[in-house]
Each structure stands twice: as C-alpha cells, then as structure tokens.
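Enquirer: Sharing a structure below in structure tokens format, with a few things to ask.
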Amino acid sequence: MITIEPVSKQNAKVIYKFEIDNRAFFESTLPSRGDDYYVTSNFESIIESICEDQKAENLYMNIIRNDSNEMVGRINLFPIQMEPYNCAFELGYRIGEANQGKGYGSEVLKQLIKLAFDTYGIDYIQALTSPNNIASQIILIKNGFAFIKRVPNDVEVNGAFEDSIVFERVR
C-alpha cells in the first residue's frame, strides 16, 4: 500500500537522502535544481519554507511511502490559487530510480486527486510532462487527465530547451 505524507521538518532528512540518491537520475530528464539545492543548510531552509507555504495552503508537497514505509517518491500540487477558481497549476511527481515501473505513480496520483478534490477543495489540476515521458503521460490519462496542448521550448533540461505537454483534470 502506498501512502502520502506531507513534507515536514520531521521527514526532511529522509527527503534529503532521497534527493541526493536520485539526483543524477532525475536530472537526466528534468530541469536541474542546481547545486545550491543540495547544500544542507539551504535544503533545511527550503523545507521550512515549504512547511510555511503548506500552512498557508499555497501548496501541498508530499512524500510517497511504500508498504515498508520506505520513501519512494514525491508528489506535489503548486501553486494553489483559490480565487476566482480553486486551482493547482502544477502537479509534479517523481518516483525514485529503484522504484520505477512498480505502479507507484498511478496509485499515488489516484490518492492525491481524491485529496485535492475532497479535502483541499481544488477544482482544477494542471500537469506538464516532457514529450519523451510517455510513462507519465499514461499515468495522467489513466487518472482522468486530458491532453490540452504542447508548449514549444518551454523548459530547459541539460542545456537544451524542450517542449512541454500540458494535461488537465477538472473535478
């Protein structure tokens, strides 16, 4: 069973280890967070800021744990805009390299959608993927997201600009 747990100061060390362990894997297909992100003192400040923004309901950032209570990924909704519509303009999720292909992404996305609609009061969620990330696109479609558009040269990955594929899900 997969569970979602909000990012907190209590799980910061687990998150830091996960990010360090998976940095090269994630940066092979996603924009780099930069070296400063991985400096311990900076990371602690980032977690504090996330905790404050979560209290203010500006975002919802979570870790994903498997049935052995091991952190296997992250899933986030941000930024949150509640006026005039209740929207999350970016859904982001990442599963660690060692846990790819185990169905965690699809299962946890189902849980997050339920939380977003039933608990957080969100009516609209937008997600972006790389055109090459077919697995992520399949997960989104399986979970009721619809393709909206392709945005040319939208994000920089490894020094080159790539398109983004935009999906949405409405309550």
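Any read-out appearing in this document is the output of simple, stated calculations on the displayed coordinates, not a laboratory observation. Quick caveat, the model's predicted, so the values are computed rather than measured. Backbone-built Cβ (ideal geometry, glycine too); neighbour counts: all protein chains shown.
Enquirer: What is the chain's relative contact order, in percent, from Cα pairs under 8 angstrom and six or more apart in sequence?
Expert: Relative contact order here is 20 percent.
Enquirer: Moving on. Just order 79-86, 43-50 by mean Cβ neighbour count inside 10 Å, highest at the front, would you?
Expert: Ranking, from highest mean packing down: 43-50, 79-86.
Enquirer: Taking amide H positions as placed in the peptide plane 1.01 Å from N, state which residues far from Ile148 in sequence (5 or more) or on other chains have amide H under 5 Å from it.
Expert: Here the answer is Val166, Phe167, Glu168, since their amide H atoms fall under 5 Å of that of Ile148.
Enquirer: Here is a follow-up. Excluding same-chain residues fewer than 8 positions from Lys149, which aspartates and glutamates have a Cα within less than 19 Å of its Cα?
Expert: Lys149 reaches Glu90, Glu162, Asp163, Glu168.
Enquirer: While we're looking at this one, here's another question. Under a 10 Å cutoff between Cα atoms, tell me which one of Ala24, Ala88, Ala127 has the largest fluctuation in the Gaussian network model of the chain.
Expert: Greatest mean-square fluctuation among the candidates belongs to Ala24.
Enquirer: Rank Gly92, Gly121, Gly73 by mean-square fluctuation in a GNM of the chain with C-alpha springs under 10 angstrom and give only the top-ranked residue.
Expert: Maximum fluctuation in the GNM of the chain, among the listed residues, is at Gly121.
Enquirer: Students often forget the sequence filter, so: which lysines lie under 25 Å Cα-Cα from Lys142 once same-chain residues fewer than 8 apart are removed?
Expert: Partners within reach: Lys102, Lys110, Lys114.
Enquirer: Moving to a separate point now. One quarter of the convex hull surface, Cα atoms only: what value does that give for the range 50-171 in nm²? Spell out each step's value before the answer.
Expert: Details: hull surface 33.4 nm².
Across all orientations, the range 50-171 yields a mean hull projection of 8.4 nm².
Enquirer: When the chain is treated as a GNM, springs tying every alpha-carbon pair under 10 Å, which of Asn22, Asn143, Asn158 comes out with the largest mean-square fluctuation?
Expert: Of Asn22, Asn143, Asn158, the most mobile in the Gaussian network model is Asn158.
Enquirer: Restricting the count to DSSP beta bridges whose residues both fall in the chain, what percent are antiparallel, rounded to a multiple of 5?
Expert: 90
Enquirer: Right, something else. Calculate the length of the line joining the C-alpha centroid of the range 97-111 to that of the range 1-74, in whole Å.
Expert: So the two Cα centres are separated by 16 Å.
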